[in-house]
Amino acid sequence: MQLDCPMPEMDFDIITMGHGSGGLLTNKLLESGVFNLLKNEKLDTHHDGAVLAFNGQMAFSTDSFVISPIFFPGGNIGELAVNGTVNDVAMCGGIPQYLSLSFILEEGLRMEHFWEILVAVKAACARAGVMVVTGDTKVVEKGKGDKVFVNTTGIGPLHPEAAISPGRIRPGDKIVLSGNLATHGVAILSVRQGLEFETDIESDTCNLNHTIKTLLDEFGKDIHLLRDPTRGGAATVLNEIARDTRLGVELQQRALPVDEQVEGACEILGLDPLYVANEGIFIAVVSGDIAEPFTEKLRTLEHGQHAAIIGEVVEAHPRQVVLASSIGGKRVVNMPIGEQLPRIC
């Protein structure tokens, strides 16, 4: 979604320490930027918080985004922050409605870059159907940050058919991956200093809440767990499932969906796609008897065209993830040690 939001006249071309003073420059920055662009009845109160009305159980999540670079193929830190938090609420079985949005800006950040990030936030909120209702802005001295850090918190009511919990996973449950692995991580690497290579791969960052709601509407409590494999990739999520359930996970390498360009880039860089970060896919653990119709339905939805059943929960090899390779062997997929790709989200 492209928005026609011309940048208003600003007194400065860059962020200065005065923009974090709480005085006139702060007010001008917020009034001409954040408040006008993200305008809604909750934010218009300009209060320190927002008063929200809910009934029943809520899903609630918070996240911080420190990605480098802040602009990357397919997006920027603004939409990444909105999508990431919206998706975290959705993975709980929630229907995200409201966000808080907080910035830590480094002195010297170009005002036009801040505006571009704000426009991306607005567009991502429109796609997800959420409102920014409160937030905060701070400025730190040059050298004390890295252009901009973003914190977002999301909240919304729990879907009436949601029963998302590792405790509901049983042997025989199937593991469904909603899309191609490793796309986001490779997109970020494509613009990192010293790791540039020719590619038209773009980040898969997107909101998944509409997709999740549609699946919960149809399959409800047969969806036992939802997780988005961001930092640490799918391998980390699957190891956490095995650890928390004290069951085993078996994967089929042939079933793993990976874009051909992404797979080639991973081979060049010596990376396993299972360990690379993602921002626009999720892992679902579902009852075995609905796995096929669940996957078929997912393939008809906006962000699920490459969905695949990639494995199964088993009683064998408890607390381990085992991959059956395409050449017939088997190997243990361990939890990653350390961080392969720093500052990925």
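Readers should treat all values here as calculations from the given coordinates under stated rules, not as data from a laboratory. All of these numbers come straight from a predicted model, not from anything done at the bench. No Cβ is skipped: glycine too gets one built from the backbone with ideal geometry, and neighbour counts run over all protein chains shown.
The table that follows gives values for the structure above.
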| quantity | calculated |
| --- | --- |
| Directionally averaged shadow of region 166-332, computed from the convex hull of its alpha-carbon atoms, nm² | 9.5 nm² |
| Dipole in debye (nearest 20) - region 166-332, about Cα centre, beta carbon charges: Lys, Arg +1; Asp, Glu -1 | 780 debye |
| Rel. contact order, % - alpha carbon contacts under 8 angstrom, at least six apart, region 178-292 | 49 percent |
| Loop-located trypsin sites (Lys or Arg not before Pro) in region 241-307, at most 14 other Cβ atoms within 10 Å (DSSP) | Arg246 |
| GNM result for the chain, Cα springs below 10 Å: residue of Asn83, Asn334, Asn239 fluctuating most strongly | Asn334 |
| Unsatisfied cross-links (Cα-Cα over 29 Å) in the set Lys122/Lys174; Lys39/Lys138; Lys28/Lys147; Lys174/Lys330 | Lys122/Lys174 |
| Zero-based 10 Å bins, Cα pair distances in region 6-143, whole percents | 11, 41, 36, 11, 1 |
| Positive-end residue, region 166-332 charge dipole about Cα centroid, Cβ charges, pick of Leu225, Ala307, Pro293 | Leu225 |
| Rounded Å value of the spacing that divides the Cα centres of region 49-67 and region 171-192 | 26 Å |
| Base-10 log of normalised Debye intensity for region 114-212 (one unit scatterer per alpha-carbon) at q = 0.10, 0.16, 0.21, 0.23 Å⁻¹ | -0.50, -1.11, -1.31, -1.34 |
| The chain: relative contact order as a whole-number percent, Cα under 8 Å and 6+ apart | 22 percent |
| Listed pairs Lys221/Lys297; Lys42/Lys213; Lys213/Lys297 exceeding 19 Å between Cα atoms | Lys42/Lys213 |
| Simple spin-label estimate for His317 and Asp11 in nanometres, 7 Å along Cα-Cβ | 6.3 nm |
| Kyte-Doolittle mean at least 0.5 and Cα axial length at least 24 Å: DSSP H helices in the chain | 111-128 |
| Size-normalised alpha-carbon gyration radius of the chain, reference 2.2 N^0.38 Å | 1.03 |
| Built amide H within the under 5 Å cut-off of Met58, gap 5+ | Leu158 |
| Euclidean distance of C-alpha centroids, region 97-143 and region 256-321, integer Å | 31 Å |
| Among Ser287, Ser325, Ser61: highest mean-square fluctuation, GNM of the chain, C-alpha pairs under 10 Å | Ser325 |
| Inter-probe distance in nm under a simple model that places probes 7 Å from Cα toward Cβ, at Arg246 and Glu161 | 3.2 nm |
| Gained length - Lys142 relative to Lys28, 0.36 nm times residue gap less alpha-carbon distance | 39.0 nm |
| Per-residue [θ]222 nm for the chain (sum of -39500 (n - 2.57) over DSSP H runs n ≥ 4, rounded to 500) | -8000 deg cm²/dmol |
| Listed residue (Pro318, Gly264, Cys206) projecting farthest to the positive dipole end of region 166-332, Cβ model | Pro318 |
